Amino acid sequence: MGKKKEEREHALLSASSAKKWLYCTPSAVLEDSIPDEESAYAKEGTLAHSICELKLSRLFTDKNMSERTYKGRLKKLQADEMYQPEMEGFTDEYADYVSAIAFSFPATPFVAVEKRLDYSPWAPEGFGTGDCIIIYGKDMHVIDFKYGKGVPVSAEGNPQMALYGLGAWHEYGMLFSVENVHFHIVQPRIPNNSSWTTTLEGLLRWGELFVKPRAALAYKGEGEFRPADYCNGDRTNYCKEGFCKAYGRCRATAEKNMALMKDAVDPQKDAIRKPDLLSNSEIGEILKRAQFLKDWVNKLEACALSELVRGGDVPGWKIVEGRSDRQLSDPDKAFQGLLAAGYDEAVLYNRKPIPLTELEKLVPKEQRAELLAPYITKPKGKPKLAPEDDKRPAMQTQVSAEEAFGGENSYKEGGPWR
């Protein structure tokens, strides 16, 4: 059984996990039965969102905030152990993106920052927090800041953003005559900025016909488990990308993945029944079906390790000490002693330039074109396997190893619902 409503910090049918419970309806209650473990990435993202909120508040919702108050609040956030100086540049990019939208109108728009949005008319007890809502005339903009850099997030057909849109209309629909809804994802660390527009009519139709029936099943833990893989016709791994807590332990996922063995083994002879070498067509078909198997096994190992570290028992497995590298307990004192003994400082230290992303933060935007742009190159990426329905264009084939995996082949940097 899942947690009681009053025991949860977030909605059972949260917007951030919408892609899981909309397509795999029993997953919400199943996942709710597993204890929460906040990762360092989540803490980092929470802090970055707090900095964004402060910057937008000073711009739009608390214009009387003094410079002293702003600096004091920012300094308090900067004292957090998860703070990194690079957060300033990334949160500035988000504030600039929001400002570009807000200041594009002929008059002052309505702006809400970090607004709790209630979409319970479509999903029982459903609520979430919208990073920024901007409304002017017939247009409503729903903007979401993503600090993660692991997976690019698209605004097109994004169910989390759509639920925020429903919640925003539920909150402000009586005050504004909205006809168009614009969704924006700002993900500066990749970088990845994405936007998509739909009609309010289309959004409401999606909420009534798609969300409502699935949310009713998900809230009760009913419906069919749907492990994410290519065979389901949806290549997106919403189990992994949605950070499903049940991913490693999900029996339906295990049965789906282990079923791959049936094609290769003769049940009567208990032996491999296929030719020693796979054909190209067999390789392609197996890859389509097994592309998530590696991720799932890694998650399974993580579950077992976590259980053993906590003192639990996983029959057949134990934890051992992994490889570690030697290190100096006090590098400063060690190097001071080496310098005092006559060793040359140039021999002890390596001098290397800082990464380009950090360099761009040091150089003002107005000087980058003159000082940096002429020297910025972007090498072609290494070949990466992808299904034929991937949106990226196919790479040129029959290239040399040097061209494919690096070399003198760089070029100058130029300027539906699911």
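Coordinate-derived values only; no laboratory data. Note that the structure is a prediction, hence the values are computed from the model and not measured. Please note: Cβ atoms are built from the backbone with ideal geometry, for glycine as well, and neighbour counts cover all protein chains shown.
Work out how much length D325 to N350 would gain on full extension: take 0.36 nm times their residue separation and subtract the Cα-Cα distance, in nm to one decimal.
Stretched out fully, the D325 to N350 stretch lengthens by 7.1 nm.
Search the structure for amide H atoms under 5 Å from the amide H of G221, placed 1.01 Å from N in the peptide plane, and list their residues when 5 or more places away or on another chain.
Long-range HN contacts for G221: V29.
Once the Cβ-Cβ distance between F210 and A42 is put in as r, and R0 is 35 Å, what FRET efficiency do you end up with, to the nearest 0.05? Please report the intermediate quantities before stating the final value.
Numbers: r = 28 Å, r/R0 = 0.81.
Rounded to the nearest 0.05, the efficiency is 0.80.
Run the numbers for E81 and K365: contour at 0.36 nm per residue of separation, minus the present Cα-Cα distance, in nm.
Stretched out fully, the E81 to K365 stretch lengthens by 99.3 nm.
Exceeding 32 Å between C-alpha atoms, which entries from my cross-link table qualify? They are K149/K288; K76/K146; K19/K318.
In this structure, K19/K318 exceed 32 Å between Cα atoms.
Note down the nm distance, to one decimal, between modelled labels 7 Å out along Cα→Cβ at D118 and at V309.
According to this spin-label approximation, the distance is 4.0 nm.
Between the range 318-382 and the range 101-167, what is the separation of their alpha carbon centroids in Å?
Here the two parts' Cα centres lie 39 Å apart.
Quick one: Kirkwood hydrodynamic radius for the range 107-198, alpha-carbon pairs, angstrom, one decimal?
13.4 Å
Assuming 0.36 nm per residue, please report the length gained on full extension of the stretch D92 to E125 beyond their Cα-Cα distance. Walk me through the numbers on the way to the answer.
Working: separation 33, 0.36 × 33 = 11.88 nm, distance 3.38 nm.
In short, 8.5 nm is gained.
Work out from phi, with θ = phi - 60° and the Karplus expression 6.51 cos²θ - 1.76 cosθ + 1.60, the ³J(HN,Hα) of each residue of the range 59-66, listed in order in whole Hz, and give x for Gly and Pro.
Here the 3J(HN,Hα) series is 6, 10, 9, 9, 5, 8, 4, 6 Hz.
Using a 7 Å offset from Cα along Cα-Cβ at L175, what residues in the range 98-132 end up with backbone N under 15 Å from the label point?
Zone members listed by number: 108-118, 130, 132.
Could you calculate the FRET efficiency of A373 with R251 from 1/(1 + (r/R0)^6), where r is the beta carbon distance between them and R0 is 56 Å, rounded to 0.05?
Values: r = 54 Å, r/R0 = 0.97.
Between A373 and R251 the formula returns 0.55.
Within 10 Å, count the other beta carbons around each residue, average over each peptide in 117-129, 351-363, 73-85, and list them highest first.
Highest mean packing first, the order is 117-129, 73-85, 351-363.
Quick one: 3J(HN,Hα) in Hz for the range 373-382, Karplus 6.51/-1.76/1.60 with θ = phi - 60°, rounded, Gly and Pro as x.
Couplings: 3, x, 10, 8, 10, 10, x, 5, x, 5 Hz.
Out of residues 5 or more away from T129 or on other chains, whose amide H comes under 5 Å of its own, with H placed 1.01 Å from N in the peptide plane?
L117
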